[in-house]
Amino acid sequence: MTEPRPDRRATRPVVTGIGVTAPNGLGTHAYWQATLDGKSGLGRITRFDATRYPVRVAGEVTEFDDTEHVPSRLAVQTDHWSHLGLAAADMALHDAGVKPGDLPEYEMAVVTASSSGGTEFGQREIEKLWSQGPQYVGVYQSIAWFYAATTGQISIRYGMRGPCGVICAEQAGGLDVMAQARRLLRQDATIVVTGGTDASLCPYGLVAQIATGMLSPRDDPERAYLPFDTDACGYVPGEGGAMLIMEEETAARARGARPYGAIAGYGATFDPRPEPGRQPRSNLGRAITLALREAGVTPGDVDVVFADAHGTPGHDLAEAHAIATVFGPYGVPVTAPKTMTGRLYAGGAALDVATALLSVRDGVIPPTVGVRAADPACELDLVRATPRDGPVRNALVLARGHGGFNAALLVTAP
Amino acid sequence: MTTFTLDDMRRIMGGCAGVPESLDLADDIGEIPFTDLGYDSLAVLEMAARIQQELGVRIPDDAVDEMKTPQAAVDYVNRRLAA
């Protein structure tokens with residue numbers, strides 16, 4: 001790996017643009033308004049007839065029209081998940097006031113997270129294979145399914161020829177990409193498009209998720225996803241996510257950009273292999289400690305924690321324990337606005353970072369909806385039902401990826 | 001006898017490969033190379049696959065390589081149809 005350039009060791013990465021494609025709002029403004037209003041995007045699956053599936057509620061981005069939001073030449077060769085990512089990236093670039101054509105092409109980088117790849121596209125092509133024959137399978141299947149497709153298409157669309165990559169660590173990947181983006185800013189990149197989306201709500205994609213046994217089987221969208229509640233029964237899957245524009249602070253301010261906030265600290269850990277007869281152990285707490293240490297802040301400086309909020313009792317308890325160990329019981333406001341979107345996998349943590357930055361900007365903590373009977377075993381100061389006023393200077397975002405990934409990222413006021 | 005026209009080609013191009021943002025398919029595009037129109041080799045391969053399904057003519061891969069422009073594709077297909 002390239003050594004940091006001497007003049008970039010002290011890089012302070014800031015976020016100057018945000019683009020959101022979420023089940024409860026398309027575009028940053030619509031999403032943030034809905035989130036503060038406690039407006040949920042969860043509902044019965046409409047994309048296909050899910051009546052006979054064991055999971056029937058999801059967070060669909062219903063307002064999104066692929067043909068309206070993505071140029072047709074790009075749309076035909078990409079999956080719905082990439083469409084959501086391309087649209088979010090375009091919004092983020094506009095928001096940041098970045099004109100890619102004016103920047104050196106090798107200094108623009110793209111790093112996105114993906115968890116499922118292009119399952120809907122893949123399902124369509126597999127159906128053609130079975131029903132019509134191999135000659136009917138489109139050539140774009142070769143590139144559309146691939147985890148790096150969103151990154152690649154963003155790179156091509158805007159002529160961003162700097163370092164590009166994808167990180168697949170399920171929900172944690174949405175934070176891991178921010179750390180990778182930061183690393184690239186310390187090398188040769190001037191701006192990085194980063195974040196993530198996922199969209200796997202076709203039958204094939206949903207069935208793959210159901211296999212974990214952790215999805216909510218409930219039909220009532222208001223009672224389906226209740227993290228940290230005594231009535232928790234699994235999580236609701238969703239689609240969408242967020243893309244961010246990350247730049248080095250001095251350069252960003254020199255071009256007149258107004259940062260939402262800075263990426264101040266990051267930590268990532270992996271859980272130990274589960275052992276028969278032993279309770280699973282979580283290293284999430286150590287990820288939190290690493291992020292705070294790197295940022296040089298104490299637990300008392302943190303104004304809010306955006307929880308991973310898995311929605312299954314064991315995972316919720318493990319996360320609550322990690323938070324309470326670092327911050328003390330009921331020691332910090334905790335929220336999970338993803339109760340309004342479902343878990344968006346690679347898009348979820350990226351959206352939480354966007355939400356945390358908006359929280360810092362406006363000095364308000366968005367609510368966790370649906371939770372009525374907070375589990376006393378969790379010992380969390382959960383921000384419920386309505387937003388709580390700030391100030392919010394430091395916001396910690398947590399994410400866990402299926403299989404043992406943990407990540408924590410601290411965003412701070414600009 | 002069936003003939004394959006430039007309008008048929010336009011329909012196939014837009015249908016399976018989309019329309020580049022700067023392009024109007026209704027323009028006089030017959031002699032402009034696909035690459036200049038904004039269609040890469042993968043796009044031309046996809047067009048060839050759709051033509052084969054629609055008309056039942058076989059288009060070998062090396063013939064696809066020779067279809068540099070929409071008109072060249074139309075001419076090739078008509079030669080195959082006449083053969």
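Of all the criteria given as (1) out of contact with any Lys or Arg (no Cβ under 6 Å at 6 or more places or on another chain); (2) within 30 Å of A:G234 (Cβ to Cβ), the one not satisfied by A:A50 is (1). Please indicate, with yes or no, whether at least one residue in the stretch B:4-14 is touching a residue at least 40 places away in the same chain (Cβ under 8 Å) and within 11 Å of chain A (Cβ to nearest Cβ). Yes: one or more hits.
Let's see how each residue does on (1) touching a Pro at 6+ places or on another chain (Cβ under 9 Å); (2) crowded, with 24+ Cβ neighbours inside 10 Å; (3) closer than 27 Å to A:D316 by Cα:
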{"residue": "A:R183", "(1), (2), (3)": "yes, no, no"}
{"residue": "A:S200", "(1), (2), (3)": "yes, yes, yes"}
{"residue": "A:Y225", "(1), (2), (3)": "no, yes, yes"}
{"residue": "A:E249", "(1), (2), (3)": "yes, no, no"}
{"residue": "A:A254", "(1), (2), (3)": "no, no, no"}
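Evaluated against (1) more than 10 Å from chain A (Cβ to nearest Cβ); (2) surrounded by 14 or more Cβ atoms within 10 Å (Cβ to Cβ); (3) of a type in the set (V, I, T); (4) not in a helix (DSSP H, G or I), B:V19 falls short on exactly one condition, (1). Checked against the criteria, A:A30 counts as surrounded by fewer than 24 Cβ atoms within 10 Å (Cβ to Cβ) and in contact with an Asp or Glu (Cβ under 9 Å, 6 or more places away or on another chain).
Condition (residue is part of a helix (DSSP H, G or I) and either within 14 Å of chain B (Cβ to nearest Cβ) or under 29 Å from B:S22 (Cβ atoms) (or both)) applied to the stretch A:171-179: is it met by at least one residue? No - not one qualifying residue is present in the stretch A:171-179.
Taking the conditions (1) away from chain A (no Cβ under 14 Å); (2) surrounded by 15 or more Cβ atoms within 10 Å (Cβ to Cβ); (3) assigned to a helix (DSSP H, G or I); (4) among the aliphatic types (A, V, I, L, M) in turn, B:L81 satisfies each one other than (2). Kindly provide the set of residues from the stretch A:124-161 that are outside any loop (DSSP other than H, G, I, E, B), away from every other protein chain (no Cβ under 12 Å), touching a residue at least 40 places away in the same chain (Cβ under 8 Å) and hydrophobic (A, V, I, L, M, F, W, C), ordered by number. Residues satisfying the conditions are A:I126, A:A149, A:I154. On inspection, A:D90 passes the criterion of being within 14 Å of chain B (Cβ to nearest Cβ) and within 23 Å of the chain's Cα centre (by Cα). In the stretch B:39-57, of all residues being outside any helix (DSSP H, G or I) and either away from every other protein chain (no Cβ under 13 Å) or buried (at least 17 other Cβ atoms within 10 Å of the Cβ) (or both), the one that is modelled with the highest pLDDT corresponds to B:Y39. When residues in the stretch A:35-72 are screened for being among the hydroxyl-bearing types (S, T, Y), in contact with a Pro (Cβ under 9 Å, 6 or more places away or on another chain) and either part of a helix (DSSP H, G or I) or outside the structural domain of A:P221 (by TED's automatic domain parsing) (or both), 2 of them pass.
The values are calculated or read from the model by the stated rules, or taken from the named source; none is laboratory data. Please read all numbers here as calculations on a predicted model, not as lab measurements. Counting neighbours? That spans all protein chains shown, and the Cβs are built from the backbone with ideal geometry, glycine included.
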